[in-house]
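Remarks on the structure that follows.
FYI, it's all coordinate maths here, none of it is from the lab. Every value quoted in this text rests on a predicted model; they were computed, and no experiment measured them. Every residue, glycine as well, gets a Cβ built from its backbone with ideal geometry; the counts of neighbours run over all protein chains shown.
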């Protein structure tokens, strides 16, 4: 399915942007604020929040969806949104096409789209990709991975996509979590065209646990000092965030089982962004074992040693007007972009 729509038609005309947030250097001078995208289990739509200092956040649009999941997704719900500003200035949002409460909300008659005994928890078939040049008019495409090739017909999940730019090959690349049937998850990547509506390659392995003995999920790639740092969630024990390093964006990556995050309860969805004031990196993650549910934040100058900053509405980090955000990502935005967002959604 492909389409063109204005976000404003959904009650949410929007403008957003950020640095190329997987290949970071010094923070551009024009960036003044921060934009967060996230989803919520309550509605499976795309949400946003804004901050001017990286510590105090406010949900936009009254914490209602900026884009409703049932308008763009095959399963009538999205999860795990990620936003990226490409080298040519266009904006890309990649999301998981999945509604985990589709039966509850009347979108299907079964708990999962397919047999859970065969395909596992939350099984899905693909992703939702959106592109915009002005952040108001969007194209969107649904990619069903099980239709790409007979070898992928038994996929159990395609989750948590992120967009990056492969400088060596001059191509956009999406990476994501994938498994066959109920097997262990690993990270894969594909190249995608500039229109963000067609895959240019079949899924290739990006990173897996040794002998795929356990699952790894939710990758986030950051370029720092000429190296590519892949943050991922290890399911070897309690779910936590680990790091792998490579000279190339496509690997090979060697996993390091030592956790880098300071949280010890189950957490996932790592995403790394940079503070404007001092250039430090912030590792943000979804603490799904916390009650009430929240995000956690650690900080680092070298992407190797992290110190705890806080959790939402605890310590230094605050979130106004939002309860239980899920699986977020952050980009830097300009003063003009921040002003337009706040005027449209306050």
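In plain terms, the residue of 121, 273, 112 with the fewest other Cβ atoms within 10 Å comes first and the most crowded comes last, giving 121, 112, 273.
Remark on the range 35-169: hydrodynamic radius 16.0 angstrom, per the Kirkwood mean of 1/r across alpha carbon pairs.
Over the chain, the Kirkwood radius and the radius of gyration, each from Cα atoms, give a ratio Rg/Rh of 0.93. Among 234, 324, 209, 153, a tally of other beta-carbon atoms within 10 Å of each Cβ gives an order, fewest to most, of 153, 324, 209, 234. Counting neighbouring Cβ atoms within 10 Å and putting the fewest first, the residues 245, 158 line up as 245, 158.
Placing a pseudo-label 7 Å from each Cα along the Cα-to-Cβ vector at residue 154 and residue 167 gives an inter-label distance of 4.1 nm.
Measuring r between the beta carbons of residue 193 and residue 278 and using R0 = 35 Å, the FRET efficiency lands at 0.40.
GNM, the chain, Cα, under 10 Å: largest mean-square fluctuation among 321, 296, 86? Between 321, 296, 86, it is 321 that shows the largest mean-square fluctuation. For the chain, relative contact order (Cα pairs under 8 Å, six or more residues apart, normalised by length) works out to 19 percent. Between the beta carbons of residue 26 and residue 254, assuming R0 = 22 Å, the FRET efficiency works out to 0.15 to the nearest 0.05. Could you work out how far the C-alpha centroid of the range 309-338 sits from that of the range 121-188, in angstrom? The two parts, judged by their Cα centres, are 26 Å apart.
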